[in-house]
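Notes to accompany the following structure.
What follows draws every value from the coordinates through simple rules; no lab data is involved. This is a predicted model, so every value here is computed, not measured. Ideal geometry is used to build each Cβ from the backbone, glycine not excepted, and the neighbour counts take in all protein chains shown.
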Amino acid sequence: MMSLIVATYCLLLVYFTIANVLHSVVLYVYIALSIVTFLIYGVDKLAAIREKRRVSERTLHLLGLTGGWPGAFAAQHAFKHKRSKPAFMRVFWLVAFCNSGTVGIFIATGWGERMQQLL
């Protein structure tokens, strides 16, 4: 179910970019941050396995808040990492909701189109 929600959100980002409601920079930032976040989750999982210094949960959440949460979601499933920690997952979904809500407000208020005109 959650995979469907994340996939739908990502497809909506693409749609709003193609429809010129969002500037393409927004989509590129999501893609870049998702890739970086995915890789950092992988580094953290490897550090956990090797009992080395870990990436802080705060850093993981900050990456998600800035737009990398789709990559974090993918990494959680690819690496089976952090999914079994209820407190972490509650904050993760709150971060994803806040980020998505911000983009939704951006679209609803017309700032996405204004950004298109400015750039």
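Before moving on, here are some points about what is shown:
- Packing-based ranking of 30-41, 100-111 yields 30-41, 100-111, ordered from highest to lowest mean Cβ neighbour count within 10 Å.
- Additional length obtainable on full extension of the chain from Thr59 to Ile105, 0.36 nm per residue less Cα span: 14.1 nm
- Only Cα pairs under 8 Å and 6+ residues apart enter the sum, and on that basis the relative contact order of the chain stands at 30 percent.
- In the chain, helices alone account for a calculated mean residue ellipticity at 222 nm of -25500 deg cm²/dmol, with every DSSP H run of four or more residues adding -39,500 (n - 2.57).
- When each full DSSP H helix of the chain is screened for a Cα extent of at least 27 Å along its own axis and an average Kyte-Doolittle hydropathy of at least 0.0, the helices passing are 24-50, 86-108.
- Placing +1 on each Lys and Arg Cβ and -1 on each Asp and Glu Cβ, with no other charges, gives the chain a dipole about its Cα centre of roughly 620 debye.
- At the listed q of 0.10, 0.15, 0.22 Å⁻¹, the Debye profile of the chain, built from one uniform point per Cα, gives log10 I(q)/I(0) equal to -0.32, -0.67, -1.23.
- A protection proxy built from the mean count of other Cβ atoms within 10 Å ranks the segments 7-13, 64-70, most packed first, as 64-70, 7-13.
- Proximal charge balance of His81 [Cβ under 13 Å; K/R count +1, D/E count -1]: +4
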